[in-house]
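Read the structure below first, then the notes.
The values are calculated or read from the model by the stated rules, or taken from the named source; none is laboratory data. Bear in mind that the values here come from a model prediction, so they are computed numbers and not experimental data. These accessible areas exclude ligands, DNA and RNA; they are computed on the full protein's heavy atoms, side chains included. Shrake-Rupley method; radii C 1.70, N 1.55, O 1.52, S 1.80 Å.
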Amino acid sequence: MTERTLRGKAAIAGIGETTYYKHGQSPDAEFKLALKAVLAACADAGIDPREVDGFATYGNDRSEATRLAAALGIHELRFSNMHWGGGGGGVAAAVANAAAAVHSGMANCVIAFRSLAQGQFARYGKGAQAPMAMGEDAFLWPYGLMSPAQRFAMKITRFLTENGIRHEALRSIALASYHHAQSNPRAVMQGRPLDEAKYDASRWIIEPFHRLFDCCQENDGAAAVLVVPADRAKDLPHPPVYLLGAAQGGHHRSAAPVHNAPHYASAHFPTVARNLYEMAKCGPGDIDVLQAYENFTGGVLLGLVEHGLVKPEEANEFLVKENLLAPTGRMPLNTSGGNLAECYMHGLELVNEAVRQLRRTAINQVPDPEIAMVIGGPMVTPVSSLILGTEGTL
Amino acid sequence: MSTTNHALPPGLPAPSTEEPLSAPYWKAAREGRLLVQKCGGCGGHQWGPEWICHRCHSFDLDWAEVKPRGRIYSWETPHHPVHPALNGHGPYTIVLVELPEADNIRMIGNLVGAPGAEPRIEAEVEAVFEPNDEASPPYTLVQWRLVG
Ligand SMILES: [Zn+2]
């Protein structure tokens, strides 16, 4: 029996994004942003947008595949896919679903994308405004537990307390993103550097581990990647970036209601990371450059631990700014500025940055990386992550 | 309105108390009793309420009164108001309480009691039933305070 895998079977041939804006600042409608990102990814790949025959997205994206297909006049739609779950938990899964579609023969040329103009719609950081809480929410909202930050904060309290990890470890994650953003003209936070004093003086969002700079901003924009079968990618303008491994989901009852997951203090990657490395045929020591979705810095830490990149008992020592910076750090992290400081494009900007690193065209380039990892939005369910590699890794 | 004894100001979303899956819990809370799901098949406690027992797949889920005592599994103190009702209110503490006598199921509530009471993982807590009689329909929230 042939091995069931996506390793080396599909490649990202094009990446694209719009200008990134502060939330509410986009002059363009959300759907127009999606169109611009799709066209940019096609142009980057040297492929006629009418040849696109599939769309994969996540987080209940409002730019529907059928409307995109009609607006762009694509010849035929063969694959349309929405990955369950809110936020950016599905960012890596959307790319993987596109890869699965092209590898299986269901489609030939699939866009994975995210478009977001929060000024035109509700914001994430605000709680529910409905007068009555239904279902599980009845056991949460009346106690003032409503926002994503509040849903996840107690995982962080528990994990950091149990393991004696200090807030400074989270601060380093924020500092790395802001540091990288300063040289990135795409970054919303370029020109707004962050240092220890500014972080320490920032207001509490939630005690004990969420200061303002531990929390993502909200932004407007869109980003997209174009996924094609591996063979096709070889004839296109850029060196192909191959999908080596992809996994999504969550461990046993990770979505148990009212905070009843048996393994609670988790970003939900224990099984996902195992499956990811198994497909990619590599381990944490092989990752040259890392993009890890920051909804909140505590979730980044949990994601790093669950992917075997940091040991809890070494977190205080290892998670210092110098270790996380490109080009010289031991584990360069969020090298374009990430969600915190490039743009909160629900992690699609992290996929684009991983591709740029492997093409060796990144602004904060790590020397000669072969393998890049993208960890999707932590602590939601389902989560997903992705390992990408150059031709040399096949 | 007597809101001084309430953990949070009025105006937050009220719980829906008449949904079939959870109505017995809310009815008991009005009477100052803590009810949770207990499986007729395997005897396990389950929370939050669901139609099936996750252990044995029995649909025969009944309700059992449990001792309103637990210990703090985790906590958080939000400062940033995420709802208009919380504007100007200041920080408040949410606790995740584990019930050791009910298969370690966990519940969410606010930490109430003496001002400045410090939440701590593993600290013992007991339930405080917080009636919202002015609401229509009225409901009672289950809050928690440190013991001893
Ligand atoms: Zn049962």
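Measure up A:198/A:321; A:281/A:311; B:38/B:67; A:9/A:281 against 18 Å on the Cα-Cα distance and list the ones that go over. Violating the 18 Å limit, Cα to Cα: A:281/A:311. In this assembly, the A-B interface accounts for approximately 3500 Å² of buried accessible surface in total, computed with a 1.4 Å probe and without ligands, DNA or RNA.
For chain A, the longest principal axis of the alpha carbon atoms and the long axis of helix A:270-280 meet at an angle near 30°.
Here's how it looks for residue B:105: its modeled amide H is under 5 Å from those of B:99, which are all 5 or more places away or on a different chain. Here chain A exposes an accessible surface that is 51 percent carbon and sulfur, computed with a 1.4 Å probe and the other protein chains kept in place. Karplus-based coupling profile of region A:178-184, in residue order and whole Hz: 5, 4, 5, 5, 5, 9, 10, with θ = phi - 60° in 6.51 cos²θ - 1.76 cosθ + 1.60 and x standing for Gly or Pro. Accessible surface computed residue by residue for chain A, with neighbouring protein chains in place and a 1.4 Å probe, gives 35 Å² per residue. Normalised Debye scattering of region B:16-146 at q = 0.09, 0.19, 0.20 Å⁻¹ gives log10 I(q)/I(0) of -0.29, -1.15, -1.22, counting only Cα atoms as equal scatterers and leaving out solvent. Relative to the longest principal axis of the Cα atoms of chain A, the long axis of helix A:91-104 makes an angle of roughly 30 degrees. Global dimensions of region A:141-245 from alpha-carbon coordinates: Rg and Dmax equal 19.2, 57 Å. Listed values for region B:117-128 are Karplus-derived 3J(HN,Hα) couplings in whole Hz (6.51 cos²θ - 1.76 cosθ + 1.60, θ = phi - 60°), namely 4, 8, x, 8, 4, 5, 5, 6, 9, 10, 6, 10, and x replaces Gly and Pro. In region B:72-120, burial by the other protein chains removes 50 Å² or more of accessible area from B:73, B:75, B:76, B:79, B:80, B:82, B:106, B:108, compared with the chain on its own (1.4 Å probe, ligands and nucleic acids ignored). Per-residue Karplus couplings for region A:71-82, computed as 6.51 cos²θ - 1.76 cosθ + 1.60 with θ equal to phi - 60°, are listed in order as 5, 8, x, 5, 5, 8, 9, 10, 8, 9, 8, 10 Hz, Gly and Pro entered as x.
Between region A:135-156 and region A:45-122, what is the separation of their alpha carbon centroids in Å? Cα centres, region A:135-156 to region A:45-122: 30 Å.
Seen against the Cα atoms of chain A and their longest principal axis, helix A:297-306 is set at about 70 degrees.
Say we join alpha carbon atoms closer than 10 Å with springs in a Gaussian network model of chain A; which of A:83, A:180, A:252 then has the biggest fluctuation? So, out of A:83, A:180, A:252, the one fluctuating most is A:252. The fraction of all Cα pairs in chain A landing in successive 10 Å bins from 0 to the largest distance is 5, 25, 36, 25, 8, 1, given as whole percents. Taking amide H atoms as placed 1.01 Å from N in the peptide plane, the amide H of residue B:123 lies under 5 Å from those of B:72, each 5 or more residues away in sequence or on another chain.
Leaving out ligands and nucleic acids, and using a 1.4 Å probe, what accessible area per residue does region B:16-146 come to in Å²?
45 Å²
The portion of the accessible surface of region B:16-146 made up by carbon and sulfur, rounded to a whole percent, is 49 (1.4 Å probe; DNA, RNA and ligands excluded).
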